[in-house]
Amino acid sequence: MKIPIRMISIATTFFWFFLIVFYVSAVYSMKDVQFDFEEPQTMLTSRNQMLFCLPIKIDNKGYYNIGSFNVTTKISDKEGFPITQASTFIPVIERGRQTTVTHNVTINIDDLFQNSQDYLFNDMELEVHETVGMKLAEVIPIQASTNFSMPWGAPLYNFTLGEIEYVICNLTHVTVTIPISFENHAFFNLTGSLRMCMYNSTSVLVGEGQTRIEVPQNTFYQEHVELTVPSMGITEDGYFEMYFSTPFFNSGPTVISYD
Amino acid sequence: MTEEKKDSKRKQQIISKLLKATIKAVIFYGIYFVLSMFLTPISEIVPSFQQTVEIFVIVYISLMIIGELTRGTVFQHFFNTAKVFFVMLYLIFSLKRGIINIPFQNISLMIDLRLFMAIAMLLSLLGLAKCMLQAINYLNEKAEEAHFSSL
């Protein structure tokens with residue numbers, strides 16, 4: 001019985017040694033792997049989607065290959081409603097190699113504004129959940145995750161209608177001048193048109209007008225829209241319906257009442 | 001004269017056991033010392049890591065020394081078995097089912113050591129089987145000795 005015992009003893013010692021040396025060296029070699037997350041860039045795609053690009057440079061100077069490298073980004077609003085999700089996957093990063101990958105996250109602005117007009121008018125914070133996972137030596141899965149918030153700048157921040165002016169144009173019609181102002185806090189220049197429909201207190205469309213808007217980012221916009229409406233249809237109060245049309249999004253109707 | 005010889009033989013046996021235990025402990029500690037240098041980056045991230053490993057090394061070396069000192073008796077097999085059980089239980093409790101979550105600054109780090117744990121458990125079971133075989137072999141030899149001396 002001594003020979004089998006000796007054989008088991010040798011086998012267990014060998015496997016324990018191999019196991020511990022492999023795991024310790026795999027973890028130790030991580031100190032020679034460099035992850036360089038470069039400055040993220042924001043741009044617009046040809047489909048008018050917002051694109052975040054995060055270039056990641058991985059220099060694997062460790063002893064082993066890195067397997068299943070993946071970066072996942074989930075963006076949600078404050079209430080946890082998911083806005084977008086994107087993943088970047090590299091099957092193998094060979095040892096001694098430098099790999100550069102761009103992690104792209106796209107947000108469809110049109111869909112975003114269709115879901116909630118808050119994004120259009122109010123600045124807010126978006127929650128970003130970032131996860132980086134990989135397999136050390138293609139065997140040991142590790143994952144690092146973090147949460148941070150990202151500011152969202154509204155393109156029509158502080159949108160307000162000023163004092164409405166009525167100027168009699170002829171016996172039957174009145175020219176209504178509506179001053180509008182807002183600040184473009186978005187990361188893109190806002191170009192497009194604003195269509196306003198005026199309804200009286202009985203919800204009858206009395207007139208409509210359109211103006212072109214061209215607002216560079218982080219600038220204040222102040223203009224007015226002129227409508228010619230029949231004087232018979234004007235009431236003391238009512239509401240406006242506004243439709244925004246830009247290359248990035250179409251929004252409306254946004255209802256603002258007047259009196 | 002025979003008593004003196006027996007005494008000196010016993011002394012020699014004790015000295016050899018002590019020497020063997022010391023050498024084994026030094027080698028084991030040496031291996032730990034070398035490996036701990038490689039694991040220094042982990043200790044910087046997880047402050048309790050070094051303490052946990054040190055406790056393991058202290059208990060393991062103590063059981064190893066006691067096992068070596070009781071060599072040639074049935075207690076050796078008890079301590080060897082205890083050593084294997086200690087390794088198994090220690091792995092179960094310290095590795096928390098094989099998935100370790102480490103909060104580091106604003107980042108949550110997760111390491112999946114289930115494969116390591118599975119292999120370590122299998123090796124521990126193999127070690128346990130070895131201890132059992134050794135104990136059976138020891139009792140077998142003792143029974144044989146008793147049988148032949150009675151003849």
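Observations on the structure shown:
- Looking across segment B:35-48 at every residue that is surrounded by 14 or more Cβ atoms within 10 Å (Cβ to Cβ) and more than 11 Å from chain A (Cβ to nearest Cβ), the one that is nearest to A:G62 (Cα to Cα) is identified as B:S43.
- Output for segment A:229-249, where each listed residue is surrounded by 14 or more Cβ atoms within 10 Å (Cβ to Cβ) and over 14 Å from A:V204 (Cα atoms): A:M242, A:Y243, A:F244, A:S245, A:T246, A:F248, A:F249
- Among residues of segment B:125-140 being within 9 Å of chain A (Cβ to nearest Cβ) and not β-branched (V, I, T), the one that is farthest from B:V84 (Cα to Cα) is B:N140.
- Scanning segment A:185-224 for residues that are surrounded by fewer than 17 Cβ atoms within 10 Å (Cβ to Cβ), in contact (Cβ under 8 Å) with a residue 60 or more places away in the chain and of a type in the set (A, V, I, L, M, F, W, C) turns up just one, A:F187.
- Qualifying residues in segment A:33-66 (those that are in contact with a Pro (Cβ under 7 Å, 6 or more places away or on another chain) and under 18 Å from A:T102 (Cα atoms)) - the one most open to solvent (accessible area, probe 1.4 Å): A:E38
- For segment A:132-171, the candidate set comprises residues that are among the hydroxyl-bearing types (S, T, Y) and out of contact with any helix residue (DSSP H, G or I) (no Cβ under 9 Å at 6 or more places or on another chain); within that set, the residue that is farthest from the other protein chains (Cβ to nearest Cβ) is A:Y166.
- Qualifying positions in segment B:58-78 - open to solvent by less than 60 Å² (accessible area, probe 1.4 Å) and within 26 Å of B:F116 (Cβ to Cβ): B:V59, B:Y60, B:I61, B:S62, B:L63, B:M64, B:G67
- In segment B:1-104, counting only helices (runs of 4 or more DSSP H) that sit wholly within it, the ones holding 3 or more residues that are farther than 19 Å from A:V27 by Cβ span B:2-38, B:47-69, B:74-95.
- Long-range neighbours under 6 Å by Cβ, at least six apart or interchain, first residue over 13 Å from A:V215 (Cβ atoms) within segment A:154-169, second loosely packed, with under 12 Cβ neighbours inside 10 Å and of a type in the set (K, R): none
- Segment B:110-124 - residue that is in contact (Cβ under 8 Å) with a residue 12 or more places away in the chain and under 15 Å from A:F17 (Cβ atoms) and, of those, farthest from the other protein chains (Cβ to nearest Cβ): B:S124
- Residue count for segment A:110-165, restricted to those that are under 30 Å from A:F35 (Cβ atoms) and open to solvent by 70 Å² or more (accessible area, probe 1.4 Å): 7.
- Pairs with Cβ under 8 Å, 6+ apart, first in segment A:1-27 and more than 9 Å from chain B (Cβ to nearest Cβ), second of a type in the set (V, I, T) and part of a loop (DSSP other than H, G, I, E, B): A:A26/A:V139
Yes or no, residue by residue, for (1) at pLDDT 85 or above; (2) under 26 Å from B:K24 (Cα atoms); (3) open to solvent by less than 30 Å² (accessible area, probe 1.4 Å):
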| site | (1), (2), (3) |
| --- | --- |
| B:L91 | yes, yes, yes |
| B:S108 | yes, no, no |
| B:M121 | yes, yes, no |
| B:K130 | yes, yes, no |
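- Residue within segment A:46-56 that is at pLDDT below 90 and charged (D, E, K, R) present: yes
The values are calculated or read from the model by the stated rules, or taken from the named source; none is laboratory data. Remember, it's a predicted structure, so these values are computed and weren't measured experimentally. No Cβ is skipped: glycine too gets one built from the backbone with ideal geometry, and neighbour counts run over all protein chains shown. Side chains are part of the model used for accessible areas, which takes the heavy atoms of the whole protein and leaves out ligands, DNA and RNA. Shrake-Rupley method; radii C 1.70, N 1.55, O 1.52, S 1.80 Å.
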